[in-house]
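Notes follow the structure.
The values are calculated or read from the model by the stated rules, or taken from the named source; none is laboratory data. In this text the structure is predicted, and so the values were computed from the model without any measurement. All Cβ positions, glycine included, derive from the backbone under ideal geometry; neighbour counts span all protein chains shown.
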Amino acid sequence: MVICIIMVRKKCDFKVKTINNDFLVTEVPLLPNFDPLAKKYTYVWLKKSNYTTFEAIEKIKDYFGLDFSDVAAEGLKDEDGITEQIISIKKKLSKKAVTDFNAAHAGDDTFIIIDRVMGFGSEPVAAKSLFGNTFRIVVRNLTDDEANRIVDFTKKHKFFPFVNYYDNQRFGLPGGPYITHFIGKAICEGDWDGAFEVLKKTGNKIPEGKTGKAAFEALNPGQVGFFVSAYNSYLWNIAVSKHIKDSFKSKEYDFPDLGELHLPIITESTPSSPFMINGYRFNKETFVAEEAKIFRDMILPTVVFAKDIKDDEIFAGKKRILLTYFIFTGCYATMVAKQIIKTALEGEND
């Protein structure tokens, strides 16, 4: 399976996520309280490819005959790339149960594997209780000059401040259409029929025989909340871009499928500060989207390394490099990569 994010620009047509092995994600979780005597929950290290965390949870739930509430994750990982994360399962898993599950879900490019059982305990892991994720990303289709400029740029800007924008995967499945936020917008307006019409266009799973609100009630409640969050993400990107334009010396860049977004000109004093927008939160109990203030850090730092300039074995005559960095939970690795590359090749920072 080939998945590409293509950036068509005057000087560079770089690609990330060309193949799943190009995008390796390892969660840095908040570890649960392990208790070998309390075996209500099994904590596992899950490795997957071409499955979202929601889909992986559903597979685990169905295989072991559990409910949605019995399987929990600290973070959400999309289907692109190879990802590793901690999962809690409300069941004591034997070695045979793990082996049988892995055999049923093995594959070359598409798989869900319980890499190891980490331990047992009395509580599930809690959503968003993680520090962040580390990434190893292969960037392809670069000229020799572009590859060297990116590597040189990261040496000068090892501590890179990035704008905490949401990226494409927040708004749809790979390849689009990137319209998930319109589902959330309709839900926030109480228009369940309109939300269902958009859902049918996205490529997401549609509950059989269900329409309108009933279709959403048959989904994982966390996924319905995700649609509302996608609308928040859309509102966030617009508000933050305007704020940066109005508050900093900045430059506007084109981000395909997202639109024009402003990035500040990098200086040693680029501030990191929280930002607030008016948004929504989905109440799973009442199944209603309620107005809420959304707080999030606007600009954050990362430590970035770019190295290993090699001949690109997929795009003939071009180069590939490896980008690697850690970012905090809630940030988007592809957006960080795009900002690093765009700033290195198009920016005004040297």
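Of the residues 226, 216, 295, the single one that is surrounded by 18 or more Cβ atoms within 10 Å (Cβ to Cβ) and out of contact with any helix residue (DSSP H, G or I) (no Cβ under 7 Å at 6 or more places or on another chain) is 226.
Looking only at region 220-278, residues that are among the polar types (S, T, N, Q), more than 18 Å from residue 182 (Cβ to Cβ), outside any loop (DSSP other than H, G, I, E, B) and at pLDDT below 90 come to 1 in all.
The residues listed here are 156, 205; of these, the one that is more than 24 Å from residue 23 (Cα to Cα) and not assigned by TED's automatic domain parsing to the domain that holds residue 273 is 156. Annotation note: of 330, 279, 347, the sole residue that is in contact with a Leu (Cβ under 6 Å, 6 or more places away or on another chain) and either under 30 Å from residue 222 (Cα atoms) or touching a residue at least 24 places away in the same chain (Cβ under 8 Å) (or both) is 279. The condition (being in contact with a strand residue (DSSP E or B) (Cβ under 6 Å, 6 or more places away or on another chain) and assigned to a helix (DSSP H, G or I)) is satisfied by just one residue among 72, 56: 56.
Of all residues in region 308-327, those satisfying the criterion of being assigned to a strand (DSSP E or B), in contact (Cβ under 8 Å) with a residue 12 or more places away in the chain and either within 13 Å of residue 142 (Cβ to Cβ) or out of contact with any helix residue (DSSP H, G or I) (no Cβ under 9 Å at 6 or more places or on another chain) (or both) are 308, 309, 319, 320, 321, 322, 323, 324, 326. Can you confirm whether residue 203 is out of contact with any helix residue (DSSP H, G or I) (no Cβ under 8 Å at 6 or more places or on another chain), on the phi > 0 side of the Ramachandran plot and free of Cβ contacts under 8 Å to residues at least 40 places away in the same chain? Spelling it out, residue 203 is indeed out of contact with any helix residue (DSSP H, G or I) (no Cβ under 8 Å at 6 or more places or on another chain), on the phi > 0 side of the Ramachandran plot and free of Cβ contacts under 8 Å to residues at least 40 places away in the same chain.
Regarding residue 108, is this residue assigned to a loop (DSSP other than H, G, I, E, B) and closer than 16 Å to residue 25 by Cβ? No, not satisfied. Evaluating residue 130 against the criteria (1) touching a Gly at 6+ places or on another chain (Cβ under 7 Å); (2) over 30 Å from residue 280 (Cα atoms); (3) among the aliphatic types (A, V, I, L, M) leaves one unmet condition, (2). Total residues in region 21-52 satisfying the condition of being assigned to a helix (DSSP H, G or I) and either hydrophobic (A, V, I, L, M, F, W, C) or crowded, with 21+ Cβ neighbours inside 10 Å (or both): the figure is 1.
The sole residue among 195, 186 that is crowded, with 23+ Cβ neighbours inside 10 Å, more than 22 Å from the chain's Cα centre (by Cα) and not in a loop (DSSP other than H, G, I, E, B) is 195. State which residue is surrounded by the fewest Cβ atoms within 10 Å (Cβ to Cβ) when the search covers only region 118-167 and only residues that are in contact with a Lys or Arg (Cβ under 9 Å, 6 or more places away or on another chain), over 21 Å from residue 85 (Cβ atoms) and among the aliphatic types (A, V, I, L, M). Across region 118-167, the extreme among qualifying residues is 151. Of all the numbered requirements in (1) more than 16 Å from residue 161 (Cα to Cα); (2) surrounded by 12 or more Cβ atoms within 10 Å (Cβ to Cβ); (3) not assigned by TED's automatic domain parsing to the domain that holds residue 189, residue 316 misses one, and that requirement is (2).
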